[in-house]
Amino acid sequence: MLDRLQELKDEAITKVKEAGSLNELRDIRVTYLGKKGPITEVLKGMGKLPAEERPKVGQMANEVREAVASLIAERETRLEEEALTAKLQKESIDITLPGRPVNKGSRHPLTSVIETIEDIFIGMGFTVAEGPEVETDYYNFESLNLPKDHPARDMQDTFFITNELLLRTQTSPVQTRTMEKHEGRGPVKIICPGKVYRRDEDDATHSHQFMQIEGLLVDENIRMSDLKGIFEQFVKRYFGENREIRLRPSYFPFTEPSAELDVSCAICGGKGCRTCKQTGWIEVLGSGMVHPNVLRMSGFDPEKYTGFAFGMGVERFAMLKYGVDDIRHFYTNDTRFLSQFTRV
Amino acid sequence: MLVSYKWLKDYIEIDDLTPQEIAEKLTRSGVEVDIVHEMNQGVKNIVVGKVLECEKHPEADKLNLCKVDIGEEEPVQIVCGAANVGADQFVVVAKVGARLPGGMKIKRAKLRGQVSEGMICSLQELGFEGKVVAKEFSEGIFNFPTEIAPGTDALGLLNLDDQVLELDLTANRADCLSLIGTAYEIAAILGRDVKLPEVTEIKETKEKGSDYVSVRVEATEDNPYYGAIMIKDVTIAPSPLWLQTKLMASGIRPINNVVDITNFVLLEYGQPLHAFDYERFGSKEVLVRRAKDEEKMTTLDDVDRTLSSDYLAITNGTVPVALAGVMGGADSEVSEDTKTILLEAAYFKGTTIRKASRELGLRSDASSRFEKGVDPSRVKKAGLRAATMIAELAGGTVLSEVVEHNNLDVTPKEITITLDKINGVLGTSITNTEVNDILHKLQFDFEEDNNQYKVSVPTRRQDVQIQVDIVEEVGRLYGYNNIPTTLPNTATTPGGLTSVQANKRKVRRFLENVGLHEAVSYSLTTTEKESHFKDEGGYRVKVASPMSEERSTLRTTLLPHLLDALSHNKNRNILNVNLYEMGSVFSTEEQTVTKQPEETTYISGAIMGLWHEHSWQGEKKPVDFYVLKGMVEGLLAQLNVIDKAEFIQGEGKGFHPGRTAKLLVNGVEIGILGQLHPSVAKEWSLTEVYMFEINLHRLLMEEVEAIRYTPIPRYPAMDRDIALVVDEGVQAGVVESLIKEFGGQLITRVALFDLYQGEHLEKGKKSLAFSLRYQDPEKTLTEEEVTKVHEAVLNGLEEKIGAKLRS
């Protein structure tokens, strides 16, 4: 009987090893381990055996049964794995096919420049002030030390609506509007971004509508050296750590002393190239110490308060930053242009 | 202002510096030099030639054969095509081997069988701009005004070895609108002296100026000084070469000796002068008065002008003979036959001159100086300088005594300032020795006592008026680069955005992220473009004198320019375009605008083409109303106002009547969304476009509740789906709100998941399938409880809108 069991075991093992599918294994299980299978048969015939042999045979029969069962299980796992592998193999896809596109819009480069600059100044304790685009002659000119017949008005050819109303030519009127609200008490620390308008024919470098950012800091004991300090911080954060600044004397009716701010050219590192017209420097903004007349007209005592103001052209900053060569691109809204700024 | 380097040397020692070095120094201290022009643009080997003989070319009508002495052993034969060439002329010859601008090389040539050994040149061929070439030579070759030895190098004679600094002057630095002023500026930078031309008083003559003319000024405020100098027996002729070349280098065309001298002094002193032909003046009296309205005169440029009482006129007592400070009159112009000159040296008030010049669109070298303010101390001096030169170069006699009206204040401005003030504004620690040195260099008189300064500003510097002007002078000559870098000692202030500003950024981020590109367009538009969306009736804000009709009116809607952008893209074959713009629109209640218009921030978007395209998987979704609406809903959710918002079927000018919704927030209409009306789309050559426009200002005014956490439900929800058959006119939104109404608090979600119309349904009906979620935050709902409410919902719907469950 023991021999018979050994025989059955060997037979089953061979069959399990040869089994190529889960179905075959199922059959093998039924055949050998089922209620009507040969092992059960052997066990049934155990009654005929002498009592002392019974445990032996019983034990062996159980061992055979377990061995076969575990082998089947093992084989089953293996076949399942193979089947799964085969199935997955079949399911493989071409991952180089394009993914389902997600719509991605973009921020206008001018907005992007404005927000970047706002954030730099917000970090230095400035707030953002805004004002109307249709201004009065008073705020746009007179309060900025530009009386009606001032020759410097020629610097800005104006779209007048009436004698007293106009499209603002600069964001500077926001300065005086904000100072008035402070009722003669400092500090005033604002930057003012916005659209401005001048009677220029639109071409590659001129636009009848463009954007400016104005900045103003008024308090007791504000010095021109502070203006240099703030600019240095700003330039290094906006243009990069290794950029240098220089101030050149200039003239604006609402500041005295006045200065242009130049930044060392990023293209050539200051050696001189086409971008900086061989000078090594790029003019980026106009600035100066707020003119006493402006302070006075806005309700600040120029004996007590000083301040500095600056104004920059947003398009110019965008052109420098992104290498845009024609100002009209900013206003044409060609999506081939706009979509290049998806990453900003 | 063009400043000749060679000419400048007459007034200041600068031989040790190149024009480029001077340009750099000027620029760095505040007088910007745009460019240094090379007068010589590559000309080499040109000499003076004397035309010995000149006859017609035997083979060509328009050519001349000239025998020219160019200082060599034998004269050379040159074929010349200029009509004005003739024997005995002294001309410029480009010899064989010479170079002209543009790299042109002169070779021995044969022209129609005749040898030509060189070229007789016009000034234009030598690189002069046509506008500075004297009229008589503008169509032909140049003649030297005097005899010059043939063979003499012509480069220097024509001033082609000069370099010219082009100053880009700011409005305050009118003092640099002259050679002497520029010399003072350079002197201040270098610490050198200025050499002024010698001006002598007029020699006593028997006849006096006052025998010929009297001066009467009515408009004393506009004209505080008027000086008339009489010069008799002048001979009008071309100016000497040195004078002509100086003017040409400065961009001024030589005319004749007298006019050229007035221009020379204008450039030298910055003081405009005017020479009248006395015989044609028409009287013996100069009367300066305001012009009369509608008074007429013809200016030197032969244009008939209509004057106004805002302008100042020089009259002969009856009619205007010059538009004061702007331009002389044609009737009294100096001509070849002029014998007696009435020379005007005057000071006119800037604002008056500016007004006339601007209104007439007539800007002259004179007006641009007067309007910025000339040096009052130099007016008479300039007149005397010119008179002396006229006597010298045009052979006249200057009659003694300047006939004048003089009410001019020439006292220097006095400014007191302390060293502390200077250092306080600049943030420097400049010493009084340094300040003294700078004031010396500027040639400002001053007294210093214990760091207290009393500065007396020369009248040539009209821009220096108050303390900070002195601070600037000191600062710029001390060097802005030497000012230290500090940070302000102000109180710390919290920077940041207001909530409206922050929310505007939020709106931008949302729209960028749902796939819209931000557009920026012009605020100026046309009423015609807007008429597609706005009724004709409303008032508009218009620019007084627009540059073009295209940019004449301030926009009241952002939509037309977004459509312009769509059409721009479409014309370039970009068919899927999604744009938004945030910007101001302008409205007024007034027919004639007197107050600032209302400026309101709008947010608008426009989409066309495919919203989603994923071709290889066969997905293609064109834009439609619901894409647009989803976007607007998302935006409202982002701003936390979606619960207060409502979309109602509506109409809007320019919109498709059946596919348009009005957006209401808290019951107030603040926006519109829908399909662009097909006939309006056609106007822009577009087809199917969807767009929205929302009053963002209003939207951001809504009070928004702060985010408060709601506990996550602990008890299970029960979902029941229902398919309802309703009349096709019943709006899904209405059904949805009815479900919520009848279901009460137990219904936590209603979602439409199917809309069906067609077969299997009665005509005029449609089926709407909703998924309803029942949930009680306090307990698990029983089947019975849900059924009870569900029944109520179904009954309610049937009663209210006749909805039946679809079988």
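The values are calculated or read from the model by the stated rules, or taken from the named source; none is laboratory data. Note that the coordinates shown come from a computational prediction; the quantities given were computed from them, not determined experimentally. Methodologically, a virtual Cβ is constructed for each residue, glycine included, from the backbone with ideal geometry; neighbour enumeration extends over all protein chains shown. The accessibility values were calculated without ligands, DNA or RNA, using every heavy atom of the protein model including side chains. Shrake-Rupley method; radii C 1.70, N 1.55, O 1.52, S 1.80 Å.
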Any idea which of (1) facing another protein chain (nearest Cβ under 10 Å); (2) surrounded by fewer than 22 Cβ atoms within 10 Å (Cβ to Cβ); (3) at positive phi is the one A:Thr342 doesn't satisfy?
(3)
Being assigned to a helix (DSSP H, G or I) and among the basic types (Lys, Arg) is the filter; apply it to segment A:313-339 and report the residue that is most open to solvent (accessible area, probe 1.4 Å).
A:Arg336
Being open to solvent by 10 Å² or more (accessible area, probe 1.4 Å), of a type outside the set (D, E, K, R), in contact (Cβ under 8 Å) with a residue 12 or more places away in the chain and not assigned by TED's automatic domain parsing to the domain that holds B:Lys372 is the requirement here; does B:Leu419 meet it?
yes
Which ones in segment A:129-149 are surrounded by fewer than 18 Cβ atoms within 10 Å (Cβ to Cβ) and either assigned to a loop (DSSP other than H, G, I, E, B) or polar (S, T, N, Q) (or both)?
A:Pro147, A:Lys148, A:Asp149
Hits in segment B:566-622 (condition: of a type in the set (Ser, Thr, Tyr) and open to solvent by less than 70 Å² (accessible area, probe 1.4 Å))
B:Ser567, B:Tyr580, B:Ser584, B:Ser587, B:Thr588, B:Thr600, B:Thr601, B:Tyr602, B:Ser604
Test set (1) in contact with a helix residue (DSSP H, G or I) (Cβ under 8 Å, 6 or more places away or on another chain); (2) open to solvent by less than 10 Å² (accessible area, probe 1.4 Å) - B:Asn84 fails condition number
(2)
Can you tell me which residues in segment B:30-59 are touching a Phe, Trp or Tyr at 6+ places or on another chain (Cβ under 9 Å) and over 30 Å from B:Thr146 (Cβ atoms)?
B:Gly30, B:Val36
Counting only residues that are open to solvent by less than 80 Å² (accessible area, probe 1.4 Å) and at pLDDT 90 or above, segment A:78-93 contains a total of 2
Only one residue in A:Lys277, A:Lys271, A:Lys304 is assigned by TED's automatic domain parsing to the domain that holds A:Leu146, touching a residue at least 40 places away in the same chain (Cβ under 8 Å) and not polar (S, T, N, Q), so which one is that?
A:Lys304
Can you find a residue in segment A:129-136 that is within 7 Å of another protein chain (Cβ to nearest Cβ), of a type in the set (A, V, I, L, M) and within 30 Å of B:Arg358 (Cα to Cα)?
yes
Any idea how many residues of segment B:147-189 are open to solvent by 30 Å² or more (accessible area, probe 1.4 Å), part of a helix (DSSP H, G or I) and at pLDDT 95 or above?
2
Go through segment B:689-703 and report how many residues are part of a loop (DSSP other than H, G, I, E, B) and open to solvent by 80 Å² or more (accessible area, probe 1.4 Å).
1
Residues of segment B:483-519 satisfying the condition of being in contact (Cβ under 8 Å) with a residue 40 or more places away in the chain and either within 7 Å of chain A (Cβ to nearest Cβ) or under 23 Å from A:His291 (Cβ atoms) (or both):
B:Ile483, B:Pro484, B:Thr486, B:Arg508, B:Leu511, B:Val514, B:Gly515, B:Leu516, B:His517, B:Glu518, B:Ala519
State which residue is nearest to the other protein chains (Cβ to nearest Cβ) when the search covers only segment A:204-230 and only residues that are in a loop (DSSP other than H, G, I, E, B) and hydrophobic (A, V, I, L, M, F, W, C).
A:Ile222
Within segment B:325-440, considering only helices (runs of 4 or more DSSP H) that don't extend past its boundaries, which have at least 2 residues that are within 14 Å of another protein chain (Cβ to nearest Cβ)?
B:350-360, B:365-370, B:419-426
I'm told A:Thr116 meets every condition in (1) at the interface with chain B (Cβ under 9 Å from one of its Cβ atoms); (2) open to solvent by 10 Å² or more (accessible area, probe 1.4 Å); (3) modelled with pLDDT of 95 or more except one. Can you identify the failing condition by its number?
(1)
Test: B:Gly537 is at positive phi, out of contact with any helix residue (DSSP H, G or I) (no Cβ under 8 Å at 6 or more places or on another chain) and not aliphatic (A, V, I, L, M)
no
Test: A:Ile190 is in a helix (DSSP H, G or I) and either surrounded by fewer than 16 Cβ atoms within 10 Å (Cβ to Cβ) or within 11 Å of another protein chain (Cβ to nearest Cβ) (or both):
no
Spot the failing condition for A:Thr306; the list is (1) within 11 Å of another protein chain (Cβ to nearest Cβ); (2) surrounded by fewer than 24 Cβ atoms within 10 Å (Cβ to Cβ), and only one is missed.
(2)
Quick count over segment B:353-402, residues being aliphatic (A, V, I, L, M), touching a residue at least 60 places away in the same chain (Cβ under 8 Å) and under 21 Å from B:Arg173 (Cβ atoms), is 4
Restricting attention to segment A:254-269, and to residues there that are touching a Lys or Arg at 6+ places or on another chain (Cβ under 9 Å) and open to solvent by 10 Å² or more (accessible area, probe 1.4 Å), which single residue is nearest to the other protein chains (Cβ to nearest Cβ)?
A:Glu260
Please work out if B:Phe647 is under 15 Å from B:Thr557 (Cβ atoms) and either aromatic (Phe, Trp, Tyr) or within 11 Å of chain A (Cβ to nearest Cβ) (or both).
no
Out of B:Thr527, B:Thr557, sole residue that is polar (S, T, N, Q) and at pLDDT below 95:
B:Thr527
Could you tell me whether segment B:470-481 includes any residue that is of a type in the set (D, E, K, R), open to solvent by less than 40 Å² (accessible area, probe 1.4 Å), within 11 Å of chain A (Cβ to nearest Cβ) and closer than 23 Å to A:Asp219 by Cα?
yes
Look through B:Thr486, B:Thr490 and report the one residue that is under 30 Å from A:Met224 (Cβ atoms), touching a Pro at 6+ places or on another chain (Cβ under 6 Å) and either in a loop (DSSP other than H, G, I, E, B) or basic (Lys, Arg) (or both).
B:Thr490
What do you reckon, is B:Ser737 part of a helix (DSSP H, G or I) and either closer than 22 Å to B:Tyr626 by Cβ or open to solvent by 30 Å² or more (accessible area, probe 1.4 Å) (or both)?
yes
Among residues of segment A:157-175 being assigned to a loop (DSSP other than H, G, I, E, B) and within 11 Å of chain B (Cβ to nearest Cβ), the residue most open to solvent (accessible area, probe 1.4 Å) is A:Asn163
Among the candidates A:Lys181, A:Lys195, single out the residue that is basic (Lys, Arg) and at the interface with another protein chain (Cβ under 10 Å from one of its Cβ atoms).
A:Lys195
